[in-house]
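Q: Below is one structure. I have some questions about it.
The values are calculated or read from the model by the stated rules, or taken from the named source; none is laboratory data. Only a predicted model underlies this, so the values are computations on that prediction, with no experimental measurement involved. To get the accessible areas, we keep the full protein, side chains included, count just its heavy atoms, and leave off ligands, DNA and RNA. Shrake-Rupley method; radii C 1.70, N 1.55, O 1.52, S 1.80 Å.
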Protein chains: 2
Amino acid sequence: MAKLVALYKKPADAAAFDAYYFGTHVPIAKKVPGLRSYEVSAGPVATPQGDSPYHLVAILSFDSADALQRALGSPEGQAAAGDLANFAQAGVELLIFESKDV
Amino acid sequence: MAKLVALYKKPADAAAFDAYYFGTHVPIAKKVPGLRSYEVSAGPVATPQGDSPYHLVAILSFDSADALQRALGSPEGQAAAGDLANFAQAGVELLIFESKDV
């Protein structure tokens, strides 16, 4: 498997972020070829000690690193990446890696 | 579902980190009650632009936020948390959240 983890920093307007994220960004991102699962945080993103700097975490899964790279390079992947500027002004970290069960 | 995502910063000695992580920490963490799956990055943790500040990402899944909280509060969870000081000196971010498929 391979994962793309998106860590969205807390936005100025959380309600507006959520409306755009679920109403517009998710439908765009779900068109990415090779996407096997797409999980997002529901409710606060916390730490064991309390608050975190993040508003939302998304975990997108692909069959392999190659599939993930193809997805990122596809027109749909480019559209999803380009859409980030429309709602993630507070900042987003995108992490990509192969993964295995332990 | 609920997730604990651990983001480990790049250690001074990656080989020593990996030896401890897979040889000692994973066996401790796998004893945590309610743990449903435990995935870790295999190879580099990158960004779409290149390098990231992270050496390893772990994604631990639980049935619910309650199950995750019980896991963190259990003796096994406390042992896993306490073990972080033995190998994660470069820093680790722990994020906990409920998750849903979109």
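Q: Once you wrap a convex hull around the alpha carbon atoms of region B:1-57, what is its projected area averaged over all directions, in nm²? Let's see the in-between values first.
A: Details: hull surface 18.8 nm².
Averaging across all directions leaves 4.7 nm² for the Cα convex hull.
Q: Please list, in order along region A:37-54, the HN-Hα scalar couplings obtained from phi with the Karplus expression 6.51 cos²θ - 1.76 cosθ + 1.60 (θ = phi - 60°), rounded to whole Hz, x for Gly and Pro.
A: 7, 9, 10, 10, 5, 10, x, x, 9, 10, 10, x, 8, x, 6, 10, x, 9
Q: For A:LYS31, B:LYS30, write out the residues from largest to smallest accessible area, computed with a 1.4 angstrom probe and no ligands counted. The partial results should precede the final answer.
A: Details: A:LYS31 140, B:LYS30 105 Å².
From most accessible down to least: A:LYS31, B:LYS30.
Q: Remind me, relative contact order of chain B in percent, using alpha carbon pairs under 8 angstrom and six or more residues apart?
A: Dividing the mean separation by the residue count of chain B yields 50 percent.
Q: Once the whole set of protein chains is in place, how much accessible area is left on B:GLU98, using a 1.4 Å probe, in Å² to the nearest 10?
A: Surface accessible to solvent at B:GLU98 totals approximately 90 Å².
Q: Would you please give the residues with an amide H less than 5 Å from that of A:ALA42, counting only those at least 5 places away or on a separate chain, with H modeled from the backbone geometry?
A: It is B:GLU98, B:SER99, B:LYS100, by chain and number.
Q: Counting only protein heavy atoms, what percent of the accessible surface of chain A is carbon or sulfur at a 1.4 Å probe?
A: Answer for chain A is 54 percent, counting heavy atoms of protein chains only.
Q: Say we join alpha carbon atoms closer than 10 Å with springs in a Gaussian network model of chain A; which of A:PRO75, A:PRO33, A:PRO48 then has the biggest fluctuation?
A: A:PRO48
Q: Related question: Rank B:GLN69, B:GLN78, B:GLN49 by mean-square fluctuation in a GNM of chain B with C-alpha springs under 10 angstrom and give only the top-ranked residue.
A: B:GLN49
Q: Using a probe radius of 1.4 Å on protein heavy atoms only, what is the accessible area buried between chains A and B, both sides summed, to the nearest 100 Å²?
A: 2800
Q: Moving on to the next point. Taking the Cα atoms of region B:59-102 alone, what are Rg (to one decimal) and Dmax (as a whole number) in Å?
A: Cα radius of gyration and Dmax of region B:59-102 are 12.1, 37 Å respectively.
Q: Radius of gyration and Dmax for chain A's Cα atoms, expressed in Å?
A: 13.7, 41
Q: What ³J(HN,Hα) values, in whole Hz, does the Karplus curve 6.51 cos²θ - 1.76 cosθ + 1.60 give for region A:72-82 when θ = phi - 60°, with x put for Gly and Pro?
A: These are the phi-based 3J(HN,Hα) values: 5, x, 6, x, 5, x, 5, 5, 5, 5, x Hz.
Q: Springs between alpha-carbon atoms under 10 Å, Gaussian network over chain A: tell me which of A:ALA81, A:ALA14, A:ALA58 tops the mean-square fluctuations.
A: A:ALA14
Q: Rg and Dmax of the protein assembly as shown, Cα atoms, in Å?
A: Here Rg and the maximum Cα pair distance are 16.6, 49 Å.
Q: What value, in deg cm²/dmol to 500, does the helix sum -39500 (n - 2.57) over DSSP H runs of n ≥ 4 give at 222 nm once divided by the residues of chain B?
A: -7000 deg cm²/dmol
Q: Round to a whole angstrom and tell me the spacing of the C-alpha centers of region B:55-102 and region A:1-48.
A: One Cα centre to the other: 20 Å.
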